[in-house]
Every structure is written in C-alpha cells, then in structure tokens.
Amino acid sequence: MSISALQKARYEYQPKVPAILTEKLDNIAIEFGKATESVADQADLKSLFKNTYGKPLATFKKGANPDVSKQLNVGIILSGGQAPGGHNVIAGLYDGVKKGNKNSKLYGFLGGPSGLIEGQYVEITDELMDAYRNTGGFDIIGSGRTKIETPEQYAASMETAKKMDLDAIVIIGGDDSNTNAALLAEKFVEAGAKTRVIGCPKTIDGDLKNEMIETSFGFDTACKTYSELIGNIERDANSAKKYWHFIKLMGRSASHIALECELQTQANYCLISEEVEAKKMTLRQITDDLCKIIAKRAETAGNFGVILIPEGLVEFIPEMKTLIAELNDKMALKADEFNKLVSFAEKKDWLKANLSAASYETFASLPESIAAQFLADRDPHGNVQVSRIDTEKLLAMMVEGRLAEMKKEGTYKGKFSSYCHFFGYEGRCAFPSNFDADYCYSLGFTAFLLIASGVTGYLSSVRNLTAPAAEWLAGGVPLTMMMNMEQRHGSKKPVIKKALVELDGEPFKKYAANRDKWAVNTDFLFPGAIQYYGPDAVCNATTKTLQLEHQK
C-alpha cells in the first residue's frame, strides 16, 4: 500500500499522555470519590438504572493494581458519525490491553453497533493497528448508526458477547451512542453477564461535555480544519472585495463549531442558534440584522464579507420551528394522502389546507427551491431532514431580496453578490491534530484501565486539558451522572443531556464583546493549516473555547 509522506510521519508520532499513564500498570490504582446523581430526573433514572445508577467518580492514582495483568477479551464499537481521532482511541485501548497481558484480545465490531448484534467482527492485530495510528477516519472497522434498543437487539448483543467470552465492550460515540452504552451496561448487569461496558466521548459538534468531560474528541481538529478554509475564504474576500460568503458549519443541535470558528477567524458575523432561540428572533429580524451589517460595510470596508451559520439554525427560529413541527405531524398522519401529490403546486395547496395559517404563511414566504427541501424525503422517524436544508442559501436569498427593497428606499447603495458554502464532511475524517491524537490515545488507554479495574457504565474521562499532556487527569465518569429524561418519539426516554452554547459562558461573551467591531471592520484572522511540528503554541494549542472556559 502506498502512503503519503505525512501519513508515514504520523504513523511514527508518539502521543503524549497524562503522567499517570506512563507508570507501570500494576502501579496505577483506581480511586473512587463520592456517589453521584444525574443532572435531573433522579428518581426516574434511579428506577431505570437499578444496578448502575449513582456510581462514584473514578480517578487513577499511583497505587497497587493486581488485576491489571489479567487476560482479557475486549470488543470495540465505533458508533455514529466520524470524528478525527477515533483510530487513536482504538490504538490507546489496544496498547493498554496488550501491555496488560500479551495474550489479551481486542476485537473490532464491523459497521457500528450492528456488528455486535450480528456478530460481525475482526481481531485487531499489530499489523492492522499500525496501519491506522494517528490517522483520520473510522475506516479501520467502519461505523454505523444502529441503536440497540429492542429486546431482540439486547438479546442478540448478549449472545454475541457470551459466544466471544467478552470481558468488556467499549463504545466510542456521542450523546446518543453513550446513552446506548449506559442502557447496555445496565442490561448486562441485570442479566448477570460478566461483560462490562465503557464509553468514550466522541462528536465533532462539541455537545457532549460537562464539568468532567471538558471536550469531546474530534472537535479540535474539525474546527481547525474549517477555520483554515474560512481563513482562506476571508483572504480571498479581502482580495476580490466583491463577494459576501455565507458559510454553513456542521452542528445541528448546538453552535459550538460556529462559535469556535468565529473566535479563530473573526468573520464579520456569526449566528448562534441558542441566542436566536433565547431572543425569539424571526427570520425577518435575522435578515434585517445581516442587511444592516452589509449596508454599513458597503459604506466603509466594501461590498464583501463572511457570515458563519450553524447547521441547525432553522430549528431555533420560532416560526420555522413551529412550521417544522407541524410538517412532521401532518405529513406523518396523512402520509399516504401527501405522497400521492406530484407537483410542488399541488403540495403547496395541500399544505394551505392542512397547516395553521401562520405556518402556511411562513412556508409561502420561503424561496421555492428552499421550501421544496422541507418536503423532501423524511428521516427514518418521518421528520424533516434539517441538515439537508440549505440555510446558507435561504439567508443569502432573503438578504438579497431585502437589500433590493432597501435600495429602492434609498437606505442601501452598495452592490451585493453572494457565494454559499457548507463545511461538514471536510472536517470529519481529517488527520487529527496533535491535541486530538494525544487526547484520543489517552481516552483509549484510560478505557482499558477502567476495564481492568472492574467497573462498568462509565465514560472514559481525561481532564485539565489546557495544561501540558503530562498534567492531564485520567479517570472515569458514571454515564448516568450526565443523563436526564427527554420526550422522544412520544414517550420519556433516558438520554445524556446535550451541552448547548451557554450565553453566559466565556466563549460567547468573548464573541459578544467583539462582534460589533468585527462586523464592520475587516479584522480577519488566518489560522492556516493544522501544524504537527513546531512551537507548542502552534502545534499543541487547544481550542479557543477550552482556553476561555479555563481562562488561559
């Protein structure tokens, strides 16, 4: 297999880890703190997780650990969307398992959770592992979005674990995947099975975090990748001085990526979904705000600029959120009736008869090309696929229309021309930054120590991340500690609570304090490509979000 020079160099990179992980394994002991509680709905969750609720926080310290050298059989699953660093979680786990006992085995389930259900797996060997160290992607074993939630799926998973004589399963995933891990851990204990379940916090969206999980892996690399592209566009915009660039960024439920990229690049404006919802901003208000900025810059800097937009924005605009909810309900209840309609005009007439007057007015106000996207193929649950709505094009069109009105009114004298971009897949499988390579390897090795220490229902945790890696703190967080109950598909379900952008948090406050200036001035920053070698400030820096949250 031919490889690039960078790929060869990354194979040879030795991840930096917390000092405790460099000790002899039998000198690394687990230390438990106080019992924990869930973030909400304690009584409900305690009744659902009778065997795994309320476990204590775990930290690794110097001390005796006689069980660390026991022979183990461990399975690993990549679950959900890709994120840079997943291969290094597997590498850290693999090295820990083999360091503990050379006869221990690590098996990778193929294609995500369905691999466990169907018993499809491959043994991870030195040769296989060494071909993927410090590289992006999930292609070593593939990923999938299957949820283990039916009695049949649980039974099949337990049967696979029993046949393989698994001591543990590690699930690498986001909030939904690790909710699944918590449920699986409970089911295994309930059934008296020996298989333990450990999770690892993955999602480039950055919404799996709390006081014990400072960041989810992949967020650092993805934001640096997108910020390089945004910086390139800013440089181009400042050179040509004739285009407005509307850039949509991945992140459906939370705007962490958009905010981080804004802090890294100082684009002219960044919409934050959580703020839009808190202020109940309408589509017209958002459009007017953007037009004011564009008009002001036309008088000063010129007819160009860059606007960042979170992927899930439309779900946070009140009238759009109501429209989407009504569409989901009506099109599900009358699916057969709606599916017989062919032309857009027929569908529009049907909606006029079935939607509330306010929602139909919202729908009718959309450009036809965008409105049609609200009626396209539904997701497996029958809902609008929000990620496929071209929010960036919607805003560009709305702005163009409003600026034309302002020109007639004499309140705008500039020229407007737009380009639209969506940065999503470009960042999900990038070569992990040094931070993500180090962090992920540490998470994987810590997952091994949790397994070797006999615990289940925990999420691997590495903290103090703004310090040098040697000062990071390795341990585990009970999965139930991060959970609450939420309405899902008609009933209350236990889920890990998503972390949204906090409007009183330091990262947003930093942006809010500067956005009026960045909107009018051309204060662009150009982060450039991810660097792997050089000064710490260049190649080992964490995200602006983490630095601000830790005030460093």
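The values are calculated or read from the model by the stated rules, or taken from the named source; none is laboratory data. Computed from a predicted structure; not experimentally measured. All Cβ positions, even for glycine, are placed from backbone atoms using ideal geometry, and neighbour counts span all protein chains on display. Remember, those area values only see protein heavy atoms, side chains included, never the ligands or the DNA or RNA. Shrake-Rupley method; radii C 1.70, N 1.55, O 1.52, S 1.80 Å.
Remarks
- All positions within the range 330-343 that are crowded, with 16+ Cβ neighbours inside 10 Å and among the hydrophobic types (A, V, I, L, M, F, W, C): Met331, Phe338
- For first residues located in the range 191-212 and farther than 23 Å from Lys50 by Cβ and at pLDDT 95 or above, partners that are of a type in the set (Val, Ile, Thr) and part of a loop (DSSP other than H, G, I, E, B) and lie 6+ apart or on another chain with Cβ distances below 6 Å form the pairs Pro201/Ile213.
- In summary, Leu375 fulfils each of the numbered conditions (1) touching a Pro at 6+ places or on another chain (Cβ under 8 Å); (2) under 30 Å from Ser491 (Cβ atoms) with the single exception of condition (1).
- Within the range 271-308, considering residues that are over 26 Å from the mean Cα position of the chain (by Cα) and hydroxyl-bearing (Ser, Thr, Tyr), the one modelled with the lowest pLDDT: Thr300
- Residue satisfying all of: in the range 66-113; of a type in the set (A, V, I, L, M), assigned to a loop (DSSP other than H, G, I, E, B) and under 26 Å from the mean Cα position of the chain (by Cα); farthest from Pro201 (Cα to Cα) among these: Leu110
- Against the criterion of being out of contact with any helix residue (DSSP H, G or I) (no Cβ under 8 Å at 6 or more places or on another chain), in a helix (DSSP H, G or I), of a type in the set (Asp, Glu) and open to solvent by less than 80 Å² (accessible area, probe 1.4 Å), Glu392 qualifies.
- Of the residues screened, Gly111 is not one that is modelled with pLDDT of 95 or more and open to solvent by less than 10 Å² (accessible area, probe 1.4 Å).
- Qualifying residue in the range 395-407 (condition: open to solvent by less than 10 Å² (accessible area, probe 1.4 Å), touching a Cys at 6+ places or on another chain (Cβ under 9 Å), of a type in the set (Gly, Ala, Ser) and under 27 Å from Thr362 (Cα atoms)): yes
- The set of residues in the range 79-94 that are out of contact with any Gly (no Cβ under 7 Å at 6 or more places or on another chain) and either more than 23 Å from Thr125 (Cβ to Cβ) or among the β-branched types (Val, Ile, Thr) (or both) contains only Gly81.
- Of all residues in the range 71-108 being under 17 Å from Gly218 (Cβ atoms) and among the β-branched types (Val, Ile, Thr), the one that is surrounded by the most Cβ atoms within 10 Å (Cβ to Cβ): Ile77
- Restricting attention to the range 344-377, the residues being in a loop (DSSP other than H, G, I, E, B) and open to solvent by 60 Å² or more (accessible area, probe 1.4 Å) number 1.
- Restricting attention to the range 272-329 and to residues that are part of a loop (DSSP other than H, G, I, E, B) and small (Gly, Ala, Ser), the residue that is surrounded by the most Cβ atoms within 10 Å (Cβ to Cβ) turns out to be Gly312.
- Condition met for Val39 (of a type in the set (A, V, I, L, M), within 27 Å of the chain's Cα centre (by Cα), on the phi < 0 side of the Ramachandran plot and open to solvent by less than 20 Å² (accessible area, probe 1.4 Å)): no
- Complete set of residues in the range 114-129 that are open to solvent by 10 Å² or more (accessible area, probe 1.4 Å) and among the small types (Gly, Ala, Ser): Ser114, Gly119
- The one condition in (1) surrounded by 13 or more Cβ atoms within 10 Å (Cβ to Cβ); (2) of a type outside the set (D, E, K, R); (3) at pLDDT below 95 that Ser2 fails to fulfil: (1)
- Within the range 147-160, the set of residues being surrounded by 18 or more Cβ atoms within 10 Å (Cβ to Cβ) and among the hydroxyl-bearing types (Ser, Thr, Tyr) comprises Tyr154, Ser157, Thr160.
- Of all residues in the range 206-242, those being part of a helix (DSSP H, G or I) and under 15 Å from Asn434 (Cα atoms) number 7.
- Residue count, the range 1-47 (criterion: free of Cβ contacts under 8 Å to residues at least 40 places away in the same chain, of a type in the set (Lys, Arg) and under 30 Å from Tyr533 (Cα atoms)): 2
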